[in-house]
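One structure is given here, and the rest of the page talks about it.
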Amino acid sequence: LRRVGPSLKRRHVFVIGNINDASLPLWRQWVGYLSGTSKEWWTKAQRGRGAGFLTGDDWRFQTRLLQAAQARGKAFVAITYSTPDDAAAMEYARATFLLFERGRRSAFAFSTGCTSEPAAAYWRANVGVPRGRPVAVDGIWRRRFSKGLVVVNPSDGLTLTAALGGTYVKVDGSRVAAVMLPPHTGLVLRSP
């Protein structure tokens, strides 16, 4: 990486490395040689529906990778694998990405195999641009957007409830002012 990455970047080649399992200090070093990185198995360590969700310290580690890449001005591509009908994994992964993503250099992909994009409303819910940083209140992470709100419960065993500070619209069209989030779940909520 030290020899190849900078050489390609000098030739104006955008160099993305697939770095998955390095420690945070080593990961930061490797990212320094590249234009950015991809992180497979984003928030989910198994492909099957309803299995392998990353929580607690594992979840937090992944969010630190995203933040570290962005702090260095690097692109970050988060990739989650599951089945096309795994709405829970899709929304948990996308909500987690939106919590910490900043700028236009990063992207989130939900891979179902050969299809290019999931045919689900969770994928397309537009919440606009971030309005502030992510914050954790009583175990639930949240971030406000110009057209909505993202909330995530990254715990491995606690169902948590949170008042939202306003009314929001879920993907199914229902309006909520508070949510109950089971372990390893996220919601992408639109403003009414």
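The values are calculated or read from the model by the stated rules, or taken from the named source; none is laboratory data. Being a predicted model, the structure only gives us computed values, none of them experimental. Counting neighbours? That spans all protein chains shown, and the Cβs are built from the backbone with ideal geometry, glycine included. Areas reflect the complete protein model, heavy atoms only, side chains present, ligands, DNA and RNA absent. Shrake-Rupley method; radii C 1.70, N 1.55, O 1.52, S 1.80 Å.
Things to note:
- Inter-label distance for Ala71 and Ser146, nm, one decimal - labels placed 7 Å from Cα along Cα-to-Cβ: 2.8
- For the chain, the longest principal axis of the C-alpha atoms and the axis of helix 87-100 are separated by about 60°.
- Counting only heavy atoms of the protein chains and using a 1.4 Å probe, Thr112 has close to 30 Å² of accessible surface.
- Given +1 at the Cβ of Lys and Arg, -1 at the Cβ of Asp and Glu and no other charges, the dipole of the range 1-111 around its Cα centre is 780 debye to the nearest 20.
- Check: the chain dipole with +1 on Lys, Arg Cβ and -1 on Asp, Glu Cβ, in debye: 1120
- Simple spin-label estimate for Gln46 and Ala178 in nanometres, 7 Å along Cα-Cβ: 3.4
- Identified option (computed Rg/Rh (Cα atoms, Kirkwood Rh); candidates [x] 0.98; [y] 0.95; [z] 1.19): [x]
- Dipole of the range 1-104 computed with +1 at Lys/Arg Cβ and -1 at Asp/Glu Cβ about the Cα centre; of Ser35, Asn18, Phe53, farthest Cα towards the positive end is Ser35.
- Sorted from greatest to least, the principal axis extents spanned by the alpha carbons of the range 133-192 come out as 31, 25, 15 Å.
- Where only DSSP H runs of four or more residues are counted, the chain gives -7500 deg cm²/dmol as its mean residue ellipticity at 222 nm, each run worth -39500 (n - 2.57).
- When the convex hull of its Cα atoms is projected in every direction, mean area for the range 1-98 (nm²): 6.5
- Calculated SAXS-style log₁₀ I(q)/I(0) at q = 0.23 Å⁻¹ - the range 29-70, Debye, Cα scatterers: -0.80
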